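Accompanying notes for the structure given below.
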């Protein structure tokens with residue numbers, strides 16, 4: 001099936017640092033979504049992107065839909081301990097198709 | 001307004017038994033999606049249902065797995081004759097209409113097959 005390559009797999013950062021993670025694919029996507037999953041919980045939507053080149057912010061989070069429609073990145077500025085968790089990208093291929101998820105980036109924040 | 005409810009949160013089964021996972025969508029939501037998450041993996045789509053109808057089951061294994069969303073009551077994901085490879089977290093999401101960003105996820109059911 002379709003795959004999203006998400007990187008890095010894991011990150012250990014100091015509190016206050018900025019974080020960047022991305023997703024790439026060989027296929028064109030119509031929609032990119034970024035989720036955060038806390039341990040023992042379901043994913044929570046952070047940001048949704050619908051147009052190539054779109055740049056959207058949600059507090060300290062910023063995400064962009066790549067111009068080629070084959071990639072997206074998520075930035076977190078001034079990280080805090082509660083940013084710890086797994087961040088997933090998800091995309092929808094053209095047509096009424098189900099979401100495809102990346103494998104996640106595991107973020108650890110050291111106070 | 002309660003969120004998506006899933007029960008049980010944890011389920012242990014022996015090989016060959018049946019597993020029934022329940023999902024109560026958010027109030028007013030008539031679209032339900034089931035996903036499976038293996039350890040260290042992302043979520044994989046299994047099935048999409050509207051009330052009383054299966055809309056897309058392209059991610060469901062052909063055997064042993066079935067899903068329903070009756071007119072009354074929760075959506076059920078049923079796994080017959082479970083095997084160890086079925087051990088995973090199963091997530092349900094619901095939405096008021098088929099718009100991806102409005103999918104709200106439940107806390108998941110963690111199935112362990114011994």
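The values are calculated or read from the model by the stated rules, or taken from the named source; none is laboratory data. Model, not experiment: these values are computed from the prediction. As a convention, Cβ positions derive from the backbone with ideal geometry for all residues, glycine included, and neighbour counts pool all protein chains shown.
General observations
- For first residues located in segment B:59-73 and over 14 Å from residue B:19 (Cβ atoms), partners that are outside any strand (DSSP E or B) and lie 6+ apart or on another chain with Cβ distances below 8 Å form the pairs B:59/A:98; B:69/B:51; B:69/B:52; B:70/B:51; B:70/B:52; B:71/B:51; B:71/B:52.
- Test: residue in segment A:28-36 that is facing another protein chain (nearest Cβ under 9 Å), in contact with a strand residue (DSSP E or B) (Cβ under 9 Å, 6 or more places away or on another chain) and under 30 Å from residue B:11 (Cβ atoms): yes
- Subset of segment A:6-23 (residues that are part of a strand (DSSP E or B) and away from every other protein chain (no Cβ under 14 Å)): A:11, A:12, A:13, A:14, A:19, A:20, A:22
- Any chance residue A:7 is surrounded by 12 or more Cβ atoms within 10 Å (Cβ to Cβ), under 23 Å from residue A:108 (Cβ atoms) and touching a residue at least 12 places away in the same chain (Cβ under 8 Å): yes
- Per-region count, segment B:97-114, residues more than 7 Å from chain A (Cβ to nearest Cβ), assigned to a loop (DSSP other than H, G, I, E, B) and at pLDDT 80 or above: 2
- Pick from segment B:39-63, criterion within 10 Å of chain A (Cβ to nearest Cβ) and under 18 Å from residue A:89 (Cα atoms), ranking: surrounded by the most Cβ atoms within 10 Å (Cβ to Cβ): B:43
- When segment A:71-101 is limited to residues that are at pLDDT 95 or above and part of a loop (DSSP other than H, G, I, E, B), the one that is farthest from the other protein chains (Cβ to nearest Cβ) turns out to be A:78.
- Checked against the criteria, residue B:86 does not count as within 25 Å of residue A:5 (Cα to Cα), surrounded by 13 or more Cβ atoms within 10 Å (Cβ to Cβ) and within 11 Å of another protein chain (Cβ to nearest Cβ).
- Against the conditions (1) in contact with a helix residue (DSSP H, G or I) (Cβ under 8 Å, 6 or more places away or on another chain); (2) part of a loop (DSSP other than H, G, I, E, B), residue A:41 satisfies every one except (1).
- When restricted to residues that are over 19 Å from residue A:99 (Cα atoms), surrounded by 13 or more Cβ atoms within 10 Å (Cβ to Cβ) and in contact with a helix residue (DSSP H, G or I) (Cβ under 8 Å, 6 or more places away or on another chain), segment A:10-38 contains 1.
- Taken residue by residue, segment B:25-34 has at least one member that is at the interface with chain A (Cβ under 9 Å from one of its Cβ atoms) and in contact with a strand residue (DSSP E or B) (Cβ under 6 Å, 6 or more places away or on another chain).
- The lone exception for residue A:57 - which of (1) away from every other protein chain (no Cβ under 14 Å); (2) touching a strand residue (DSSP E or B) at 6+ places or on another chain (Cβ under 7 Å); (3) surrounded by fewer than 17 Cβ atoms within 10 Å (Cβ to Cβ) it fails: (2)
- Under the condition of being over 21 Å from residue A:17 (Cβ atoms) and either touching a residue at least 24 places away in the same chain (Cβ under 8 Å) or within 10 Å of the chain's Cα centre (by Cα) (or both), the residues counted in segment A:96-111 number 5.
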